[in-house]
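Below: the structure, in structure tokens.
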Amino acid sequence: MMADVDASPGGTQLTLTPEEHRRLRKRYRRRTTLTAYAFLSPNLAAFAVFLLIPVVWLFVSTFRTGGVLGPAQFVGLDNWRDTFSNPLVQTSIRNTVVYSAMAIPAVFVIAMVLALALHAIPRGGAPTRVALYVPTLQPAVVAAFIFTFVLHPDFGVINYAIRGLGGDPVNFLGDTSLALPTIAGIEVWRGTGFWTMLFLASLTALPSELYHAAELDGAGAIRRFRRLTLPLLRPTFYFAVIFATIVNLQLFDSVFALTDGGPVNSTISVSLYIYRSLFAFGDIGFGAALSFLLVVTVLVLTGLQTFLLRDRR
């Protein structure tokens, strides 16, 4: 079977066999594939250098000890056994999970309420938005030092007000039952502005025609929120939940600056314990095993959230 192809400028018919057609298609696909990889190569190189290779090196380090000031020694699964049997690792994991369970829902609820309130204000909301976003611009260490003075049991602003009301001062960062919720509250204060602006931008982009139609049908504010706003904001919530989970599982700055894991390890996080293992104790293998465990946990949770929050339509 022969095929005619008009390949010349003058419209001259060229006859190609099916085999020649297949060769031309393969050559075209190969050329386009190589072109695509050429454009992707800078990102692929950065991915390999800054993520893939470090993760592989991290995994290999979990089976060794030393390697900084002396030669590395292979120890098999000893680091993994120490990781799963160490009670302080279990404490750090529990603290990190409890902190995330307190901070993430609280900041989302507060940010959504503020975003709805700002969305309802037709004019004059700009100063409020700026005021809400300012805490987000503060580095975690700066915010931690600010709250060190705010929460100080002797001269802190909050305890000064408590004394004025006739109460006893509260040691927010020195009480084992209050330290972790206090840190969660500080992080909620820092993150509220960011999430409020994100939710507000998403609310602004929603089609107003649907809300007008719902009002004409007699739907109240609560029903419009449940039936329209929440379903339409599903992609935003999907991003927010995954991003917030990844960030909060890496809690380090606030704990390091405010309590250094105390009192009595009640605020020690996984990232802080990794830092201690690597830089304070010099236990490279144990720190690598704990780091790899954190990476796997983040990947598993991200995959689980992707499965649960994906659009099933």
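Observations on the model:
- Taken together, Thr96, Thr83, Thr176 contain a single residue that is touching a residue at least 60 places away in the same chain (Cβ under 8 Å), under 26 Å from Leu294 (Cα atoms) and in a loop (DSSP other than H, G, I, E, B), which is Thr176.
- Scanning segment 138-163 for residues that are open to solvent by 70 Å² or more (accessible area, probe 1.4 Å) and not in a loop (DSSP other than H, G, I, E, B) returns Phe145, Ile146, Phe149, Val157, Tyr160, Arg163.
- Test: residue in segment 180-190 that is surrounded by 14 or more Cβ atoms within 10 Å (Cβ to Cβ), touching a residue at least 12 places away in the same chain (Cβ under 8 Å) and within 30 Å of Arg227 (Cα to Cα): yes
- Which numbered condition Ala201 misses (of (1) under 18 Å from the mean Cα position of the chain (by Cα); (2) under 21 Å from Pro122 (Cα atoms); (3) small (Gly, Ala, Ser)): (1)
- Of note, Val134 does not satisfy the criterion of being surrounded by fewer than 16 Cβ atoms within 10 Å (Cβ to Cβ), touching a helix residue (DSSP H, G or I) at 6+ places or on another chain (Cβ under 6 Å) and on the phi < 0 side of the Ramachandran plot.
- Residues of segment 141-194 satisfying the condition of being of a type in the set (D, E, K, R) and farther than 26 Å from Pro105 by Cβ: Asp154, Arg163, Asp168
- Scoring Asn43 on the criteria (1) modelled with pLDDT of 90 or more; (2) within 23 Å of Tyr275 (Cβ to Cβ) leaves a single failure, condition (2).
- Hits in segment 69-96 - residues which are surrounded by 15 or more Cβ atoms within 10 Å (Cβ to Cβ) and under 27 Å from Leu178 (Cα atoms): Asn86, Val89, Thr91, Ser92, Ile93, Asn95, Thr96
- Flag for Gly261 being in contact (Cβ under 8 Å) with a residue 12 or more places away in the chain, in contact with a Leu (Cβ under 6 Å, 6 or more places away or on another chain) and on the phi > 0 side of the Ramachandran plot: yes
- Leu230 being modelled with pLDDT of 85 or more and in contact with a His (Cβ under 7 Å, 6 or more places away or on another chain): no
- Contacts under 9 angstrom Cβ, first residue in segment 23-34 being free of Cβ contacts under 8 Å to residues at least 12 places away in the same chain and open to solvent by less than 100 Å² (accessible area, probe 1.4 Å), partner outside any helix (DSSP H, G or I) and not β-branched (Val, Ile, Thr), 6 or more apart: Leu24/Leu16
- Residue selected from segment 53-68 under the condition in contact (Cβ under 8 Å) with a residue 12 or more places away in the chain and not small (Gly, Ala, Ser), by the criterion surrounded by the most Cβ atoms within 10 Å (Cβ to Cβ): Thr62
The values are calculated or read from the model by the stated rules, or taken from the named source; none is laboratory data. Because the structure is predicted, anything quoted here is derived from the model rather than measured. Here Cβ is always computed from backbone atoms with ideal geometry, including for glycine, and neighbour counts include all displayed protein chains. To get the accessible areas, we keep the full protein, side chains included, count just its heavy atoms, and leave off ligands, DNA and RNA. Shrake-Rupley method; radii C 1.70, N 1.55, O 1.52, S 1.80 Å.
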